[in-house]
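Everything on this sheet refers to the single structure shown next.
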Protein chains: 4
Amino acid sequence: MGDVDSETGRLETFADGVIAIAITLLILEVKVPGVPGKRLGADVVHIWPSYAGYVVSFLTIGVIWVNHHHMFKLIRRTTHAFLMLNVVFLMTIAFLPWPTALVAAYIRDPSGRHVAAFVYGLTMVSIAVMFNLVWWYAAGRGRLLVAGIDPAAIARINRSYLMGPIVYGIAAAIAPVNAFVSLSIYAALAVYWLLPGTGPRAVGPSSDGGVRAEETS
Amino acid sequence: MGDVDSETGRLETFADGVIAIAITLLILEVKVPGVPGKRLGADVVHIWPSYAGYVVSFLTIGVIWVNHHHMFKLIRRTTHAFLMLNVVFLMTIAFLPWPTALVAAYIRDPSGRHVAAFVYGLTMVSIAVMFNLVWWYAAGRGRLLVAGIDPAAIARINRSYLMGPIVYGIAAAIAPVNAFVSLSIYAALAVYWLLPGTGPRAVGPSSDGGVRAEETS
Amino acid sequence: MGDVDSETGRLETFADGVIAIAITLLILEVKVPGVPGKRLGADVVHIWPSYAGYVVSFLTIGVIWVNHHHMFKLIRRTTHAFLMLNVVFLMTIAFLPWPTALVAAYIRDPSGRHVAAFVYGLTMVSIAVMFNLVWWYAAGRGRLLVAGIDPAAIARINRSYLMGPIVYGIAAAIAPVNAFVSLSIYAALAVYWLLPGTGPRAVGPSSDGGVRAEETS
Amino acid sequence: MGDVDSETGRLETFADGVIAIAITLLILEVKVPGVPGKRLGADVVHIWPSYAGYVVSFLTIGVIWVNHHHMFKLIRRTTHAFLMLNVVFLMTIAFLPWPTALVAAYIRDPSGRHVAAFVYGLTMVSIAVMFNLVWWYAAGRGRLLVAGIDPAAIARINRSYLMGPIVYGIAAAIAPVNAFVSLSIYAALAVYWLLPGTGPRAVGPSSDGGVRAEETS
């Protein structure tokens, strides 16, 4: 019998697996420049959008993984519906390599770049919405949470998670107008959430059943 | 020494790994539309069968993972034959990205779509048959199960698992006649099993050695 | 601090990861037939060598995983050299998708099939040799083993593991003469080791520190 | 609740996942030679740079994994910043399949090989720098370490880790002058660190809270 003591263990392992694979598959979208010739130096510079896409999407998925990790510190058990919500959440994350490649391929195309930036934004909105649904299901009436979490802390988490769909929705809405502004917002968000002291991870269960602030430096 | 307390642990980890990889590789079959041009907006809409295939196969594999997870809550140990049965089961799951790509590529081809839908169905029948064989081996004469499971509950699980090969067999048999009906059944099954209260997961070992109903809401 | 109680835990997790990925990547070598046309039915049959290669290599890697799993039940700790030997062992396994694709691509080529079957065999010999080196290092003077294993049991395991390099070496040597005989041996070995009662897995540490026979039916 | 006892557990699992996937994806860069023809024997020999790149990068990532494994034996907890540093570290490792393919594709190109060897070296420098940053953050003022580690041992580890950026920086700097010397250094380093008794892994927490030397034979 697999996980008696840690009921969420196998879900976390599976989620970590899917996220680790999706993040690592990003490199497959960075192509080796065509036929060998004397211009490799220029070619390697020319494909900078591929590197930029790799970095932005890698950091974005990395930040999502860290937040998923923090969320699950507050969750003590699973239900069938909760597993299924997580499967749909993972489905949106595992999709990200495709819009990443789309943006890298079409960023120099004056019309295509709007479409690509918009599709990237839609994917990010889907991820952020599913992340919220997973949390709402777990936290609604304390359904799956560990005991002793301050309701005010939960309200704070709710608000900070809600920023995700909103900011990505705004960035996606800008894409048809100005693709570069839209893409810059995606990049800025990945870097911003990487910084210490940002993001919705300020609460963890304390060993005495109360709430402790987590070190964020 | 790896897993003394949890004899099924390494099998579960390996199965989760293969399933997580198979589910994430699905995105590699969604291609970036050809040469940059002014039609990306139309191209991105035109390849909807790729998205649909991604969603249906992702949800299907996700549901299988959840059911595998539930099944292993009832299993307390492994044998060589059981490990090998699981390897063959995983072989059928890891095959699914290929028929998924086949359906997406040939759904607009009046003759090819019948073949593709049939191959997809055959793969699903293989997965469902192997899932049953894994369960039958484990549950036969209670060979590998935890103690204290109600025989009536096992009989109920047997019946519900048997639905898999039957419904997928029917959908596959319809493919040569009408590919769209066949494909719609695959999609409907993925969504149906995603819903709360469906599927063969209503039994788990209770901590006092008896059987408890699991929360399915 | 990661693994105090299970010193081999992280190595097993890493090995399971690499093996699970290598086994699942095999499907990427099964290609979707070219341009949509009215011949998909024939095309899907024509590429049977791809399916056969997928099945044989999947079962082969699966059997190796099961044996690795059994071996590690006897191992209680690691050293730097042992970790490195395992890395080289994993390097040979992760290589297998390539000769698998080579055989599938060249099986209809009267001259190429000899080369492909030989390369496949060389890869299998490398895997089998590394598997033996990993075991010899662990079992030599009982270096890394759990206590209380009967020396006669170790001698039995030594002999059975040695069969690997020998039979794959013979099959590889036959490849330049008759590729089909060589390939048939690879397939037969995968199926043979899948059967109950075969392979070097008849010993495990008993809970009282002695040796018990493992159920193999 | 996932990991109460082993606070670094989920980070190690995720890192192992990304590293295992990156190392296994290397095989996808070894291509099956073009159209079947009578020259497969020669073709298989001709693509030796692909095998060499596979071996060198596989061993290099393997050595990094082993060292990451050793490092985490000394770390007892995580912070948000530490998780993020690890995400960036993993981003550099997961990038390695691309320069590996670049070197294999351009090693016969008199001008391209300089660029490829330089890009490979830059990637290795990034990996080595991030490895050091991860360690410095963890070890700085003993921030995340287990108790009872001798400061002299930490100083020794600091020095040995610093070799990484320096030797890879030198090899990268040589690439524009002589690509083969540069590539030979990468290969030599992978093999060197594979040997027993090398590398920064001579310290582990002892069970009595002090420092013990680890067996390295």
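The values are calculated or read from the model by the stated rules, or taken from the named source; none is laboratory data. Everything numeric here is computed off the predicted structure, so don't read it as measured data. Note that we place each Cβ from the backbone using ideal geometry, even for glycine, and neighbour counts take in every protein chain shown.
With respect to the conditions (1) at pLDDT 90 or above; (2) touching a Ser or Thr at 6+ places or on another chain (Cβ under 6 Å); (3) within 9 Å of chain A (Cβ to nearest Cβ), D:G53 lacks only one, and its number is (3).
Considering (1) within 14 Å of chain A (Cβ to nearest Cβ); (2) surrounded by fewer than 21 Cβ atoms within 10 Å (Cβ to Cβ); (3) farther than 21 Å from D:A175 by Cβ; (4) modelled with pLDDT under 95, say which one D:D109 fails and leave the rest. Just one mismatch for D:D109, condition (3). Whether any residue in segment C:84-97 is aliphatic (A, V, I, L, M), farther than 13 Å from C:A15 by Cα and surrounded by fewer than 22 Cβ atoms within 10 Å (Cβ to Cβ) is what I want to check. No, every residue in segment C:84-97 fails to be aliphatic (A, V, I, L, M), farther than 13 Å from C:A15 by Cα and surrounded by fewer than 22 Cβ atoms within 10 Å (Cβ to Cβ). Within segment B:61-83, being more than 9 Å from chain A (Cβ to nearest Cβ) and either closer than 14 Å to B:V18 by Cβ or modelled with pLDDT of 95 or more (or both) holds for B:I64, B:H68, B:L83.
Can you tell me which residue among C:Y137, C:Y120 is assigned to a helix (DSSP H, G or I) and in contact with a Lys or Arg (Cβ under 8 Å, 6 or more places away or on another chain)? Can you show your working first?
Values: C:Y120 fails: in contact with a Lys or Arg (Cβ under 8 Å, 6 or more places away or on another chain).
After ruling out the rest, the residue left standing is C:Y137.
Which of the helices (runs of 4 or more DSSP H) contained wholly in segment C:1-115 include at least 3 residues that are in contact (Cβ under 8 Å) with a residue 60 or more places away in the chain and either in contact with a helix residue (DSSP H, G or I) (Cβ under 9 Å, 6 or more places away or on another chain) or at negative phi (or both)? Outline the logic, then answer.
Numbers: elements: C:9-25, C:40-46, C:48-72, C:80-94, C:97-106.
Those helices (runs of 4 or more DSSP H) span C:9-25, C:48-72, C:80-94, C:97-106.
Here's the yes/no breakdown for (1) under 20 Å from the mean Cα position of the chain (by Cα); (2) of a type in the set (K, R):
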residue	(1), (2)
D:A101	yes, no
D:D109	no, no
D:M130	yes, no
D:R141	no, yes
D:I170	yes, no
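Checked against the criterion of being β-branched (V, I, T), within 30 Å of D:Y54 (Cα to Cα) and modelled with pLDDT of 85 or more, segment D:194-202 contains not a single residue that satisfies it. Taking A:V87 as the residue in question, decide whether it is closer than 27 Å to B:A190 by Cα and modelled with pLDDT of 90 or more. When the stated conditions are applied, A:V87 passes them.
The number of residues in segment C:13-36 being within 14 Å of chain D (Cβ to nearest Cβ) and at pLDDT below 85 comes to 1.
Flag: C:R39 does not match the condition of being basic (K, R), more than 9 Å from chain D (Cβ to nearest Cβ) and crowded, with 17+ Cβ neighbours inside 10 Å.
Yes or no: D:T100 crowded, with 23+ Cβ neighbours inside 10 Å, of a type in the set (S, T, Y), out of contact with any Pro (no Cβ under 8 Å at 6 or more places or on another chain) and within 11 Å of chain A (Cβ to nearest Cβ)?
On the way: crowded, with 23+ Cβ neighbours inside 10 Å: yes; of a type in the set (S, T, Y): yes; out of contact with any Pro (no Cβ under 8 Å at 6 or more places or on another chain): yes; within 11 Å of chain A (Cβ to nearest Cβ): yes.
Answer is yes for this residue.
For segment A:112-129, a residue qualifies if it is surrounded by fewer than 20 Cβ atoms within 10 Å (Cβ to Cβ) and more than 12 Å from A:A173 (Cα to Cα), and the qualifying residues are A:S126, A:V129. Every residue in segment A:117-132 that is within 16 Å of A:M71 (Cα to Cα) and in contact with a helix residue (DSSP H, G or I) (Cβ under 6 Å, 6 or more places away or on another chain), please. Selection gives A:I127, A:A128, A:V129, A:M130, A:N132.
Among residues of segment D:144-183 being outside any helix (DSSP H, G or I) and touching a helix residue (DSSP H, G or I) at 6+ places or on another chain (Cβ under 7 Å), the one that is surrounded by the fewest Cβ atoms within 10 Å (Cβ to Cβ) is D:P176.
May I ask you to verify whether C:S126 is at pLDDT 95 or above and polar (S, T, N, Q)? Break it down stepwise before answering.
Working: at pLDDT 95 or above: yes; polar (S, T, N, Q): yes.
In short, yes.
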